[in-house]
Each structure stands twice: as C-alpha cells, then as structure tokens.
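Asks: Got a structure here, written out as structure tokens. Questions coming.
The values are calculated or read from the model by the stated rules, or taken from the named source; none is laboratory data. As the structure is a prediction and not an experimental result, all values here were calculated from the model. Note that we place each Cβ from the backbone using ideal geometry, even for glycine, and neighbour counts take in every protein chain shown.
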C-alpha cells in the first residue's frame, strides 16, 4: 500500500509547472545525506483512488502538475496513481521523482510527463548542482525521454563591464 506523509504546492520541482508535490513514505533507498529521512519510514496516510481524487478535487484547479515524490517501494503502484490523474484530471501533467538509476522493468514512461531518475549522492549534489548524477526527463510521444536537467542549473552571472561602472 502506498502511503504519503504530506504534500505541498511547489514551484521548483518541475520547470514551468505549479506542482502538487505528494511526498511518498516508505523509501527503500535511504540515500546518505537525504534531506527527507523521515520518508524512509512506512508512515502517513494511504494514497488510494479516493484519497488522490480528494486531493485533486481540492487542489487540481490551482496546479498544472501532480508529482509523486518517491514511491520506489511500489513503482507500478505510482504508475497506477498517475493513470488515475490522466483519466480523471486530463488537464494536469504528471511527474515522478524516483531514486532509481533507471526505470523499473515493465514501466511505461508515457504515463508521466516528467520523470526524475537517480539516487541522491551527497558529493554530487541535487539537480541544481552541475555535477549531479540525477536527471530530470520530459517524456515525449512514444516514450522518448528528453533530458531537461540543465533547466535546474544556475549559470554564473557575468561580471559587469567597466563601461557600466
């Protein structure tokens, strides 16, 4: 059974989207340096059809995307939840933040619009770090996966020219 710990409306997890980020508990990855070790525990509320629809009835008109933050303990269950969003709230995009290095066997990426893959490695940093191992993909037709990680990268601001000083 998939459980969620909490949720929030966020602006930085998926570029150009207002996202309802649902934090899934029971993470099996236990990455050293994880910013959310409380999600390692099997705690929270069951996230089933009724609960997901209740959240979307409440927030679905205020967001453009629903992102499942975690769920590596039951990735096919996360895909089923994304399918519920697709069927009942077709205007919303779907995303999944996974700590796995690749999609699980038999997972159809087309159920999502965005997928983040890769465990958090403290020495390499999060998606905003230039050397991160994590990748965020935009899913296209036929399941193509376009790497859009650079959208998180902060480019240095050039030094002002002396002409402006």
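Asks: Out of all the residues in segment 28-69, which are closer than 26 Å to residue 150 by Cα, modelled with pLDDT of 95 or more and touching a helix residue (DSSP H, G or I) at 6+ places or on another chain (Cβ under 6 Å)?
Replies: Within segment 28-69, 66, 68 meet the criteria.
Asks: Counting just the residues of segment 1-14 that are in a loop (DSSP other than H, G, I, E, B) and touching a strand residue (DSSP E or B) at 6+ places or on another chain (Cβ under 8 Å), which one comes out nearest to residue 148 (Cα to Cα)? Before the answer, list the steps.
Replies: The first filter runs over segment 1-14 and keeps only residues in a loop (DSSP other than H, G, I, E, B), leaving 1-2, 11-14.
Narrowing the set further to residues that are touching a strand residue (DSSP E or B) at 6+ places or on another chain (Cβ under 8 Å) leaves 1-2, 11, 13-14.
Details: 1: 31, 2: 28, 11: 16, 13: 12, 14: 10 Å.
Of everything passing the filter in segment 1-14, 14 is nearest to residue 148 (Cα to Cα).
Asks: Every residue in segment 62-91 that is in contact (Cβ under 8 Å) with a residue 40 or more places away in the chain, surrounded by 18 or more Cβ atoms within 10 Å (Cβ to Cβ) and either outside any loop (DSSP other than H, G, I, E, B) or touching a strand residue (DSSP E or B) at 6+ places or on another chain (Cβ under 8 Å) (or both), please.
Replies: 63, 65, 66, 67, 68, 69, 70, 71, 78, 81
Asks: Among the residues of segment 92-106 satisfying the criterion of being touching a residue at least 12 places away in the same chain (Cβ under 8 Å) and either over 16 Å from the mean Cα position of the chain (by Cα) or within 19 Å of residue 16 (Cα to Cα) (or both), which is surrounded by the fewest Cβ atoms within 10 Å (Cβ to Cβ)? Let's see the steps before the verdict.
Replies: At the first step, the residues of segment 92-106 found to be touching a residue at least 12 places away in the same chain (Cβ under 8 Å) are 92-104, 106.
Going one step further and asking which of them are either over 16 Å from the mean Cα position of the chain (by Cα) or within 19 Å of residue 16 (Cα to Cα) (or both), we end up with 92-97, 106.
Working: 92: 21, 93: 22, 94: 24, 95: 26, 96: 29, 97: 24, 106: 8.
Filtering segment 92-106 for residues that are touching a residue at least 12 places away in the same chain (Cβ under 8 Å) and either over 16 Å from the mean Cα position of the chain (by Cα) or within 19 Å of residue 16 (Cα to Cα) (or both), the one surrounded by the fewest Cβ atoms within 10 Å (Cβ to Cβ) comes out as 106.
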